[in-house]
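J.: For reference, the structure I am asking about is given below.
What follows draws every value from the coordinates through simple rules; no lab data is involved. Being a predicted model, the structure only gives us computed values, none of them experimental. Note that each Cβ is placed from the backbone with ideal geometry, even for glycine, and that neighbours are counted across all protein chains shown.
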Amino acid sequence: MAKSTCVCIETGGRRGSRSDSLTCVPTPSLAALPIRRLTLRDLPACADLSEDRGWPREEHKWGFLLTAGKGFGIDDPEGGLVAACVVTEYGSWDRLELAAVGMVLVAARHARQGVGRRLMRHVVSAMGTTPLTLHATPYGRPLYEELGFKVTGRAEMLTGLFTGEPESGVATRAATAEDLPAILRLDEEVFGADRTPLITRLPAFADQLRVAEEDGRIIGYAAAWPNMDTHVVGPLIARDTETAKALIASLAARTDRPLRTDIDVRHEELLAWVKARGLASVTFNAVMTYGVPDLPGDWTRRFAPLTVAAG
């Protein structure tokens, strides 16, 4: 259990007078600190927390997630945040079908004191019967398993400069505003839940949003959004592997930055293809669920998440 500490404050009369005194005020223990909803005003503190744990600051991603989802955090009496996470909800306004948990971070000075466990228990309780999903690092997986999450899949993170040209005859082009209804229909069909609040923000969030089409019908779409010195490819939804390849190649042809993406390990052909074109494996994350045996939707057409923090 975290121990209380004291903060000394000056009380009494004017500075230097004999009535000045110091009062020791105990600060609350970590277990007593309230969990509250985060807003965009907390963006600098969230970025500071990322940096504290050795992550990039990722203000762009934090801003997107805090706008599209719900942030939860614990304030540090000494300034900043003790911990934070984001929950992104999917489904209709009157029936949530799934929620993704991400950006679960605890300040280094408060690590291994039960803060992350307490924050996650709060999230699980707050979401009630809504099924949950998250991408877990090897470090975080034991905590999530303790809370009842089950491993239902794996994703491989890759990064690198893409080399090569499109090889398929699949046509791709930049998405337009008129494409949005079709993109939303395809996304809900493949993902298995309505993600309108997230997907409608993609044009402003991403540097590129492209679609693949056949006979005037959209058969896939993908985005590339900036994250530090890379472009993250996601979401990547496509009719088949050839369509996924065409979308990745079309995004890569329009950026000088290295690409980064997280591909479901069941898509072995696509993984081999991107590795042969300059992307290298970084790590594997476990895809976990709570309250549902597996993710909804059609995994055969779901190649990469928008971000591991939001699914």
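J.: Run the dipole for the chain about the Cα centre, Lys and Arg Cβ at +1, Asp and Glu Cβ at -1, nothing else charged, and hand back the magnitude in debye, nearest 20.
T.: With only Lys, Arg, Asp and Glu charged at Cβ, the dipole is about 1180 debye.
J.: Out of residues 5 or more away from Leu81 or on other chains, whose amide H comes under 5 Å of its own, with H placed 1.01 Å from N in the peptide plane?
T.: For Leu81, the qualifying residues are Asp76.
J.: Another question, if that's okay. Check Gly153: other-chain or 5+ apart residues with amide H under 5 Å from its amide H, H built from backbone geometry?
T.: Val287
J.: If each residue's Cβ is checked for other Cβ atoms within 10 Å, how do Lys245, Lys70 rank with the fewest at the top?
T.: Fewest to most other Cβ atoms nearby, the residues stand as Lys70, Lys245.
J.: When the Karplus curve 6.51 cos²θ - 1.76 cosθ + 1.60 is applied with θ = phi - 60°, which whole-Hz ³J(HN,Hα) does each residue of the stretch 238-249 get, with x for Gly and Pro?
T.: In residue order, the calculated couplings are 8, 4, 7, 5, 4, 5, 4, 4, 4, 5, 4, 4 Hz.
J.: Per DSSP H run of at least 4 residues, take -39500 (n - 2.57); add these up for the chain, divide by its residues and hand me the 222 nm value, nearest 500 deg cm²/dmol.
T.: One gets -7000 deg cm²/dmol as the mean residue ellipticity at 222 nm.
J.: Report the residues of the stretch 108-148 in range of a label on Phe284: point 7 Å along Cα→C-beta, backbone N strictly under 19 Å from it.
T.: From the stretch 108-148, the list is 134-145.
J.: Asp256 to Thr159: extension gain in nm, 0.36 nm per residue of separation minus the Cα-Cα distance?
T.: Contour length minus the Cα-Cα distance gives 33.6 nm.
J.: For the chain, what's the relative contact order in percent, using C-alpha pairs closer than 8 Å and at least 6 residues apart?
T.: 20
J.: Also, I was wondering about something else. Does anything in the stretch 220-239 have its amide N under 19 Å from the 7 Å Cα→Cβ label point of Ala171, and if so which residues?
T.: Residues 220-222, 238-239 qualify, since their backbone N sits under 19 Å from the label point.
J.: So for Tyr290, Tyr90, fewest C-beta neighbours within 10 Å to most, what's the order?
T.: In order of increasing Cβ crowding within 10 Å: Tyr290, Tyr90.
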